[in-house]
Amino acid sequence: MEEPPTGAARAPEPKRVFIKTFGCQMNVYDSERMAEALASEGYIETEDVAEADLAILNTCHIREKAAEKVYSDLGRLRDAKRARASEGKQTVVTVAGCVAQAEGEEIIRRAPAVDLVLGPQSYHRLPELLAKVSRGDGAIVETTFPDEDKFGALPARKPAKAVTAFLTVQEGCDKFCTFCVVPYTRGMEISRPVAALVDEAERLVDRGVREITLLGQNVNGYHGEGSKGKATSLAGLIRALAKIEGLARIRYTTSHPRDMSDDLIALHRDEEKLMPFLHLPFQAGADRILAAMNRKHTAHDYLMLVERIRAARPDIALSTDIIVGFPSETDADFDRTIALVETVGFAHAFSFKYSPRPGTPASTMDGQVPEHVKRARLERLQGVIEAGYARFNGAVVGKTVQVLFEKDGRHAGQLVGRSPYLQLVHANAPPSLKGQIVDVDILNAQPNSLSGVIRGLQ
Ligand code: 5AD
Ligand code: SF4
């Protein structure tokens with residue numbers, strides 16, 4: 001008789017997934033949710049492509065540079081897939097996100113190592129599509145806009161790893177700015193129901209999250225189903241979320257100036273948990289360019305809006321997005337962009353060279369601006385923006401700010417967190433203060449961060 005094998009049978013090797021995220025915070029949120037869905041299928045995450053059974057690039061299509069990065073990464077994934085194949089191991093290469101939605105089949109043509117192309121509305125189908133891929137039915141392209149609610153169909157959220165979390169409340173955009181691919185890649189605006197969002201936020205808070213950032217391409221256009229089926233505004237949603245005990249801070253991004261309603265502005269005055277920070281892109285300072293961009297607001301409208309917001313919450317920190325070199329932009333037009341930045345005084349700003357995107361109206365407009373002109377304008381603009389950072393951060397030196405500590409800092413004994421105005425703050429602090437909101441006296445300001453000492457710990 002044969003001896004029975006000794007010891008427990010070896011557990012099967014877990015499957016490993018490598019996920020690389022490009023682009024905006026919504027992609028970060030989507031990647032987390034995909035990782036959670038895959039965890040239910042037995043996958044654990046890895047940062048090493050060489051050991052990945054599944055490699056996902058969650059991609060961004062907003063500017064050409066972001067989209068092209070995907071193809072250079074796909075070259076590297078192809079090599080890793082080959083190397084693993086020579087050891088008899090399979091690697092499923094997946095392209096998710098907005099490049100997947102925009103380019104579909106074209107990705108397989110350019111990068112035949114890709115097994116699955118998955119648009120942002122189809123993530124809940126990932127396990128089912130992976131099973132199909134491993135049956136060897138050939139590459140799959142799934143870029144329809146299905147009716148089912150992808151958020152509802154993804155499994156419930158697993159323990160949060162961090163003190164802060166993103167929560168997608170709205171997706172897509174109906175604004176059709178003439179430079180932008182979002183209405184094509186993320187589709188028309190949809191808002192998730194209030195009850196589902198309160199439920200998801202409660203789970204996050206139960207697991208230690210203290211700050212939630214509500215995400216949407218046009219977040220202040222949120223109009224989700226509330227109680228008795230009535231449409232609820234973003235202000236209504238924030239009021240409902242603010243009732244969650246243990247949730248200390250709420251933020252939201254990105255807002256459109258046209259959808260900045262009175263109730264939302266008033267909430268910045270009335271709701272303590274709503275942080276005094278607002279990301280409000282204006283894109284360009286010349287009205288002629290704003291009209292060509294189909295922004296549906298003028299520079300004056302924007303300034304008037306800022307005045308109303310500051311009347312409600314005088315200390316609010318404003319942030320924005322700006323494009324230089326939109327078709328037909330002259331030096332005089334660009335000067336108006338600089339003037340608007342100086343007049344408003346932003347705490348933070350993202351600035352970009354205009355990048356023509358296939359299928360958008362602006363990409364075929366006359367008067368495309370030469371690259372060297374765009375580059376020079378961007379450089380000048382960034383100088384003005386950075387001077388603004390220095391002013392904004394410098395203004396809090398000598399003041400006390402409430403910091404929510406998030407994680408270890410660069411140096412031993414240090415924690416790093418954020419002020420209400422989203423500034424990074426470093427301070428010597430015991431690890432027990434992670435997740436706590438603490439008064440910090442600010443001693444030093446750098447352009448991108450602050451440092452100080454905790455009140456009572458000096
Ligand atoms: N070129 C340059 N910047 C763009 N953005 C969107 N589309 C383009 C484009 N084609 C910028 C806008 C937007 C931000 C997310 O990206 O400023 O607010
Ligand atoms: Fe794109 Fe924002 Fe304009 Fe919508 S509002 S089309 S997301 S730039």
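The values are calculated or read from the model by the stated rules, or taken from the named source; none is laboratory data. Computed from a predicted structure; not experimentally measured. Positions of Cβ are backbone-derived with ideal geometry, glycine not excepted, and every protein chain shown enters the neighbour counts.
Look through 311, 347 and report the one residue that is on the phi < 0 side of the Ramachandran plot and in contact with a Gly (Cβ under 9 Å, 6 or more places away or on another chain).
347
Residue 261 fails exactly one of the following numbered conditions: (1) under 20 Å from the mean Cα position of the chain (by Cα); (2) within 16 Å of ligand 2 (Cβ to nearest atom). What is the number of that condition?
(1)
For segment 176-209, give me each residue that is within 12 Å of ligand 1 (Cβ to nearest atom) and among the basic types (Lys, Arg).
186
Of these, 383, 398, which one is at pLDDT 95 or above, over 23 Å from residue 176 (Cα atoms), of a type in the set (Gly, Ala, Ser) and in contact with a strand residue (DSSP E or B) (Cβ under 9 Å, 6 or more places away or on another chain)?
Being at pLDDT 95 or above, over 23 Å from residue 176 (Cα atoms), of a type in the set (Gly, Ala, Ser) and in contact with a strand residue (DSSP E or B) (Cβ under 9 Å, 6 or more places away or on another chain) holds for just one of 383, 398, which is 398.
Here are some conditions: (1) buried (at least 16 other Cβ atoms within 10 Å of the Cβ); (2) modelled with pLDDT of 95 or more. Residue 67 meets all but one. Which one does it not meet?
Here residue 67 meets the rest and fails (2).
Specify the residue that is nearest to residue 55 (Cα to Cα); the eligible residues are those in segment 93-130 that are out of contact with any helix residue (DSSP H, G or I) (no Cβ under 7 Å at 6 or more places or on another chain) and assigned to a loop (DSSP other than H, G, I, E, B).
112
From 235, 240, 266, which residue is assigned to a helix (DSSP H, G or I) and surrounded by fewer than 16 Cβ atoms within 10 Å (Cβ to Cβ)?
On inspection, the qualifying residue turns out to be 266.
Among the residues of segment 248-262, what is the count of those that are within 30 Å of residue 436 (Cβ to Cβ) and either touching a Phe, Trp or Tyr at 6+ places or on another chain (Cβ under 6 Å) or assigned to a strand (DSSP E or B) (or both)?
5
Give the residue that is farthest from ligand 1 (Cβ to nearest atom), with candidates limited to residues of segment 276-293 that are on the phi < 0 side of the Ramachandran plot and either in a strand (DSSP E or B) or out of contact with any Ser or Thr (no Cβ under 9 Å at 6 or more places or on another chain) (or both).
276
Filter segment 152-175 for residues that are farther than 24 Å from residue 43 by Cβ and more than 16 Å from ligand 1 (Cβ to nearest atom); which is surrounded by the most Cβ atoms within 10 Å (Cβ to Cβ)?
The selected residue is 169.
Among the numbered criteria (1) in a helix (DSSP H, G or I); (2) farther than 29 Å from residue 266 by Cβ, which single criterion is violated by residue 342?
Single failed check for residue 342: (2).
Going by what's in this entry, would residue 245 be described as within 27 Å of residue 437 (Cβ to Cβ) and in a helix (DSSP H, G or I)?
no
Look through segment 149-175, keep the residues that are within 16 Å of ligand 2 (Cβ to nearest atom) and in a loop (DSSP other than H, G, I, E, B), and return whichever of them is nearest to residue 329 (Cα to Cα).
The qualifying residue nearest to residue 329 (Cα to Cα) is 175.
Quick one: residue 90 ticks every box in (1) at pLDDT 95 or above; (2) part of a loop (DSSP other than H, G, I, E, B) bar one, so which box is it?
(1)
So which residues in segment 306-361 are of a type in the set (Lys, Arg) and within 16 Å of ligand 2 (Cβ to nearest atom), if there are any at all?
Within segment 306-361, 353, 357 qualify.
Among 35, 113, 80, which is the only one that is among the hydrophobic types (A, V, I, L, M, F, W, C), out of contact with any strand residue (DSSP E or B) (no Cβ under 7 Å at 6 or more places or on another chain) and surrounded by fewer than 22 Cβ atoms within 10 Å (Cβ to Cβ)?
Just one listed residue meets the conditions, 80.
Restricting segment 176-218 to residues that are farther than 14 Å from residue 244 by Cα and in a helix (DSSP H, G or I), which is nearest to ligand 2 (Cβ to nearest atom)?
Result: 182.
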